[in-house]
Amino acid sequence: MTRSSRQLNGEFSGRTFGAIGLEKEQLKTAIDLVASLGGQFVHDSKLRWQCKYLIVGYWYPIDVNTLQNTTCVTLYWLESIKEKGLLIEPQSNKYYLPPLPSKELLYPIEGYQEYSPETHIQLPCSSTNTKNNVPRWPYIVGLLSQPIPNIEALKRTIARTTQSDKNCQFENLTEAIKLLPFRSIFFSDIMPFVQQLALQLPFLLPSSAPLLRQKPSGYSSVTLSKAQVASVIFHGFFCTLPARDNNDYPQVINFDFFLQGATYAVKTQKLAGFLHYFSRLALDPSVLLTQFISFSRNSMDLSGIEEPLTTRIDPMSPVEAFTSGTIEEDDHALQVDFANMYAGGGVMRSGCVQEEIRFIINPECIMSCMLCEVLDHHESFIIHGAEQYCGYRGYDRSFAINDDFEDSTPFDQQGRRDTVIVGIDAICFYKNYRALPQFSIESILRELGKAAVGFAPLPNEVQMRPVATGNWGCGVFGGNIELKFILQWLAASLNRRQVHYFTFGDNRLREKLIRFVSFVQSSNMAIRDVAITLMNTMNGFNGNSVFDAFAQASNQ
C-alpha cells in the first residue's frame, strides 16, 4: 500500500455511480464492478450527474471542472480497485481520471485504417496504443490541447508524457531554446503550431505508413508530405510515440534522451537543431502539403557480383578529390550517408558523427529511423527530398549548429527537393587500421557489394548522378581508407557513376588519391583489371599501404 491507497473497508457501500460514454460491454463491466464493491449503479441518465462517482468513457470529452459534487473516474480505476482490494485515490494515476477536455474532436476519424505493427509503423493515435487496455490517444489529445505559454508549462507537459520525476529540470531543453534565432516567439507562435500539427496526426495519416522491411531483392518506397513527417516528429518531441518491441528496428524517435538528464553540450546542440526545424516550419506552413520526401530501401541479389567484377572491360569512372566542401554541398549528386545498420545510428542518443550530423541538419531524415528495418548485407536505404535547415561546425563532441540555412535545391516533378541521400553501412573493424579481417576476400566482397547496392541506379534515373562520398567506414569503424576508396571506386564504376571524394581538409590524402587514380588510368586498367589486381594484392597483404601493394601487384 502507498499514501494514495488503503485497504478497502466498505467505503463504496451505498455510494452511487453513473456512467457516460461507455461502450455496451464496458457498461456491463462497470455495472458488475459497482455491484461487487457494494455500490449502487444509477441507470437514469438524468440522475447520473448527481452521483458520487461518474464513470466516463475514454473517448468522451468532458470538462470535469464543471461538475462540483461528482468525482469523474474511469473504468480502469474501478478495475484496479477490484484487482488490488485497495481504495485508491483517483489522482494517483492519470488513467484513473478522464482525459483533459479538448475543444476539437481530434480522435481517430471514421474509416481510420489499422495495420499490424509487424508491417506498419505504430502511431500514437492507433487503437493498439494502450496502457493496461486504456487507450493513450485521448490522454495525448487532452494534454496537447492545453496552452503551453512558457518553458515551465512545456516542462510539465513533457514530464507528464514521459512520466518523469516531477523535479526533473530539463536543463538541455532550456538551453536549446536559448540558442534559437526565433526564441522570442517560440511560445507565442511556434509551440501552438507544433501542438496543432501533432494533434492533426490521424487526419494527416488516416492509415499508417508501411515499414521498409528486409527482402531478398527489390525496391520499396514510401512518400510522405512534409506535414505527415513533421507531425510524427513533433510527437517524438513530446515523447508520445509508442515503443517498438522488435529489435530489428531502432528505437522510436522520442526525444526523451535529449530532454532528460544533466546538461550536455552535444545534447543541447542536437536538440536546438531539431527545434530550429520546428521554427522554420511554423514560420512557413505553406510548404507542408506541397512538398514531399521519399524513403526507400534497395535490396539486391549479390550472389553473382564476382562475375561482372572479373569480366567488365569498361574503364574506371572519373574521380575528383576535394579538400574543401562537404558531401551535402554537392548538388545533384548521390550523397553518401556513412550509415549504421540501423538508419540514423545514434542520432537520437549520444552519437554525433557523419550520419548523425546529416540527420540533424536535415531533420526529416529521422523519419527513416521509424520506417527502416535493420539493413542486411545486400541492402541500402535512400532518402529523396529532405531539406537542410541549419548549418553546423565541429564534429562529435565539438559539434554545434551554426546559423539558419536556406536550402535552394530545386524540386523534381513529385515536389521533392532534388537531394538524394543513400545510407550504406560498413563493417565495424573498430580503430585498428591494420585489422586483417577487413583485407580478407570475404570482407572485401561484402563491402564492395554494399557500395554497389548503394550506388545502383535509382528508379527512372536517366543521367547517372555522381557519387559524393569520403572516408566511408574509416572513422570509429576502423576501415582502411585506401582500401575503402578502391572499393567505392569499383562500385561507382560498375554503376557508371563518377566519384566526388571529399577528404575534409586532408590535402595529403587528396594527393595520394590523385596519384593512385592517375596510375590506374595511365595503365589503361578496366574494371576487371582493378578488381582482379585488388584480389591478388590482398592475398598475403601485410597491412601496409594498399596503394603501394596494388601498384606492385599490377607490375608483376
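Here is a yes/no grid of residues against (1) under 28 Å from residue 205 (Cα atoms); (2) in contact (Cβ under 8 Å) with a residue 60 or more places away in the chain:
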site	(1), (2)
17	no, no
46	no, no
52	no, no
64	no, no
67	no, no
82	no, no
88	no, yes
100	yes, no
116	yes, no
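Number of residues in segment 411-432 that are under 21 Å from the mean Cα position of the chain (by Cα) and within 30 Å of residue 478 (Cβ to Cβ): the value is 8.
Filtered by the rule that a residue be under 30 Å from residue 535 (Cβ atoms) and modelled with pLDDT of 95 or more, segment 253-306 gives 297, 298, 299, 300, 301, 302. Scanning segment 444-472 for residues that are assigned to a helix (DSSP H, G or I) and closer than 30 Å to residue 413 by Cβ, we see that the one that is nearest to the chain's Cα centre (by Cα) is 454. Within segment 176-199, if we keep just the residues that are surrounded by fewer than 16 Cβ atoms within 10 Å (Cβ to Cβ) and not small (Gly, Ala, Ser), the residue that is nearest to residue 372 (Cα to Cα) turns out to be 192.
Annotation note: Cβ proximity below 8 Å between a residue of segment 333-350 that is of a type in the set (Phe, Trp, Tyr) and a residue that is part of a strand (DSSP E or B) (sequence gap 6+ or interchain) occurs for 338/424; 342/372. Checked against the criterion of being touching an Asp or Glu at 6+ places or on another chain (Cβ under 7 Å), among the aliphatic types (A, V, I, L, M) and at pLDDT 95 or above, segment 410-422 contains one or more residues that satisfy it.
Among the helices (runs of 4 or more DSSP H) confined to segment 473-556, the ones with at least 1 residues that are of a type in the set (S, T, N, Q) and surrounded by fewer than 20 Cβ atoms within 10 Å (Cβ to Cβ) are located at 507-522, 527-538, 546-554. Listed here are the helices (runs of 4 or more DSSP H) enclosed by segment 220-333 that have at least 1 residues being of a type outside the set (Gly, Ala, Ser) and not assigned by TED's automatic domain parsing to the domain that holds residue 171: 306-311.
Results for (1) in contact with a helix residue (DSSP H, G or I) (Cβ under 6 Å, 6 or more places away or on another chain); (2) among the hydrophobic types (A, V, I, L, M, F, W, C); (3) surrounded by 16 or more Cβ atoms within 10 Å (Cβ to Cβ), shown as yes or no for each residue.
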| position | (1), (2), (3) |
| --- | --- |
| 7 | no, no, no |
| 10 | no, no, no |
| 13 | no, no, no |
| 18 | yes, no, yes |
| 34 | no, yes, yes |
| 41 | yes, yes, yes |
| 53 | no, no, yes |
| 63 | no, no, no |
| 66 | no, no, no |
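For segment 489-536, a residue qualifies if it is over 30 Å from residue 393 (Cβ atoms), under 34 Å from the mean Cα position of the chain (by Cα) and among the hydroxyl-bearing types (Ser, Thr, Tyr), and exactly one does: 493. Against the test of being farther than 20 Å from residue 233 by Cα and of a type in the set (Lys, Arg), the options 82, 155 yield a single qualifying residue, 82. Exactly one of (1) closer than 21 Å to residue 10 by Cα; (2) outside any helix (DSSP H, G or I); (3) over 39 Å from the mean Cα position of the chain (by Cα) is unmet by residue 68. Its number? Tallying (1) closer than 21 Å to residue 10 by Cα; (2) outside any helix (DSSP H, G or I); (3) over 39 Å from the mean Cα position of the chain (by Cα), residue 68 fails exactly one: (1).
Condition check: assigned to a helix (DSSP H, G or I), in contact with a strand residue (DSSP E or B) (Cβ under 8 Å, 6 or more places away or on another chain), assigned by TED's automatic domain parsing to the domain that holds residue 544 and in contact (Cβ under 8 Å) with a residue 24 or more places away in the chain. Does residue 355 satisfy that? So residue 355 passes the test.
Looking across segment 27-65 at every residue that is aromatic (Phe, Trp, Tyr) and at pLDDT 95 or above, the one that is farthest from the chain's Cα centre (by Cα) is identified as 41. What are the residue pairs meeting all of these: first residue in segment 368-396, first residue among the β-branched types (Val, Ile, Thr), second residue outside any strand (DSSP E or B) and surrounded by 23 or more Cβ atoms within 10 Å (Cβ to Cβ), Cβ atoms under 7 Å, and 6 or more apart or on different chains? Note: pairs meeting the criteria are 383/365; 383/368. You will find that of 231, 217, 225, the residue that is out of contact with any His (no Cβ under 6 Å at 6 or more places or on another chain), among the small types (Gly, Ala, Ser) and surrounded by fewer than 15 Cβ atoms within 10 Å (Cβ to Cβ) is 217 and no other. Would you confirm, using the coordinates I've provided, whether residue 128 is hydroxyl-bearing (Ser, Thr, Tyr) and within 22 Å of residue 258 (Cα to Cα)? Criteria not met by residue 128. Is there any pair linking a residue in segment 481-509 that is in the same structural domain as residue 537 (by TED's automatic domain parsing) to one that is surrounded by fewer than 22 Cβ atoms within 10 Å (Cβ to Cβ) and of a type in the set (Lys, Arg), with Cβ under 6 Å and at least six apart or on different chains, and which? Here the result reads 503/510, each pair linking segment 481-509 to a residue that is surrounded by fewer than 22 Cβ atoms within 10 Å (Cβ to Cβ) and of a type in the set (Lys, Arg). List every residue pair whose Cβ atoms sit under 7 Å apart, with the two residues 6 or more apart in sequence or on different chains, where the first one lies in segment 257-270 and is buried (at least 19 other Cβ atoms within 10 Å of the Cβ) and the second, anywhere, is among the acidic types (Asp, Glu). So the pair list comes out as 268/175. Entry remark, segment 118-137: residues being over 25 Å from residue 371 (Cα atoms) and surrounded by 13 or more Cβ atoms within 10 Å (Cβ to Cβ) number 1 in total.
The values are calculated or read from the model by the stated rules, or taken from the named source; none is laboratory data. Bear in mind that the values here come from a model prediction, so they are computed numbers and not experimental data. Here the Cβ is made from the backbone with ideal geometry for all residues, glycine too, and neighbour counts use every protein chain on show.
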